[in-house]
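The values are calculated or read from the model by the stated rules, or taken from the named source; none is laboratory data. Keep in mind it's a predicted model, so treat the numbers as computed, not measured. Note that we place each Cβ from the backbone using ideal geometry, even for glycine, and neighbour counts take in every protein chain shown. Accessible surface is based on the protein model in full, side chains and every heavy atom, while ligands, DNA and RNA are left aside. Shrake-Rupley method; radii C 1.70, N 1.55, O 1.52, S 1.80 Å.
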Amino acid sequence: MSASAPRRDTRGIVDPAGLLSRVRFRRHLPAPELRPYLEHYWLIDWDLPEPYTSHVVPHPSVNVVFQRYGPPATGHASAEVAGIGLGLFTHELTGTGRVCGIQFRPGGFRPFAPARPVSTWTGRRVPLTDVFPDAGAFPDADVDAAVLTPDEDHARVAALDAFLLAHGPAPDPAADHAVELVELARSDRTIRRAAQLAAASGLSARSLQRLFADRVGVGPKWVILRYRIHEALERAEAAGTTGTPDWAALAAELGYSDQAHLVRDFTTTIGVPPTAYARRPSVP
């Protein structure tokens, strides 16, 4: 699967209006040959008069992140692989900075790093060279010059394309299958249980678990529930303008046994119940 334009939704971002009013956030598509494996590149620049804490409910995606905190001449630059985040990702932004990220499709990372199961990196953030030991084109000392220094987006995108094309993708039919199955879980609202996804895949439940551990990094049940939380968060976000959702009906739509289970998962993930989130004051 490939796309003609990057997605424009804010799914997973807690209080997107607050974040987007403070940073310059853009998405760009990679080179055509990379698109079956990547969601998009994401670029963020900020220059803040006071600190701001962002919160994101991660997608079931691995990210490669090039980042600089501080001014170009004196800031600290680094590069890392961020495995799938299991909980809410909270990060304080201060002063000036820049991030250039690569968000892989769920299942799309393994063709670039075939040595280990993707679950190896789940819940972890490790230096880029831990995963790509031969990333000689982008050692830490050169990250700023190679990816982060250019002010033009197209130059940053070209640098990210060059990095990925130097490391794959290696043919991997199992990864391709995993990408397709995760997309099915994301787009088909009738898929509410891992058993249903296994039936659609033609795999046994155990084989599906192994495929997801190796190529996605988390289990199929986790993926299904994470997409449902994204949906619930988006509904709660829209509640300020569209009216309070019918949470019981939404719980049933998302495959929860009852409203209490939705509220519990939402509260555990976001930190507040959906009704409290929907009633929060607008961010100036």
Compactness check, the range 116-223: C-alpha Rg relative to the 2.2 N^0.38 Å globular estimate gives 1.35
Stretched fully, the stretch from ASP9 through PHE89 gains (0.36 nm per residue minus C-alpha distance, one decimal, in nm) 27.0 nm
The distance between the Cα centres of the range 168-220 and the range 1-64, in whole Å, is 24
Note, TYR37: beta-carbon cut-off 14 Å, +1 each Lys/Arg, -1 each Asp/Glu, net -3
For the chain, dividing by residue count, accessible area per residue (probe 1.4 Å) in Å² works out to 45
Other residues with Cβ under 10 Å from the Cβ of ARG189 give, with Lys and Arg +1 and Asp and Glu -1, a net charge of 0
In terms of the alpha carbon gyration tensor, root eigenvalues a ≥ b ≥ c, rounded if a/c is under 1.5 and otherwise prolate when a/b exceeds b/c or oblate, the chain is oblate
Distance in nm between THR149 and ARG24 label points, each 7 Å along Cα→Cβ, equals 1.8
Applying the span-like rule to the chain (DSSP H, Cα extent along axis at least 30 Å, Kyte-Doolittle mean at least -1.0) gives 220-242
With N residues in the range 160-228, Rg(alpha-carbon) / (2.2 N^0.38 Å) equals 1.21
Placing each pseudo-label 7 Å from Cα in the direction of the beta carbon, LEU48 and ARG124 end up separated by a distance in nanometres of 2.9
Placing each pseudo-label 7 Å from Cα in the direction of the beta carbon, ALA170 and ALA248 end up separated by a distance in nanometres of 5.4
The percentage of the accessible area of the chain (probe 1.4 Å, all protein chains present) made up of carbon and sulfur atoms, to the nearest whole number, is 55
Filtering chymotrypsin sites (Phe, Trp or Tyr not before Pro) in the range 152-245 by DSSP loop and by at most 14 other Cβ atoms within 10 Å leaves none
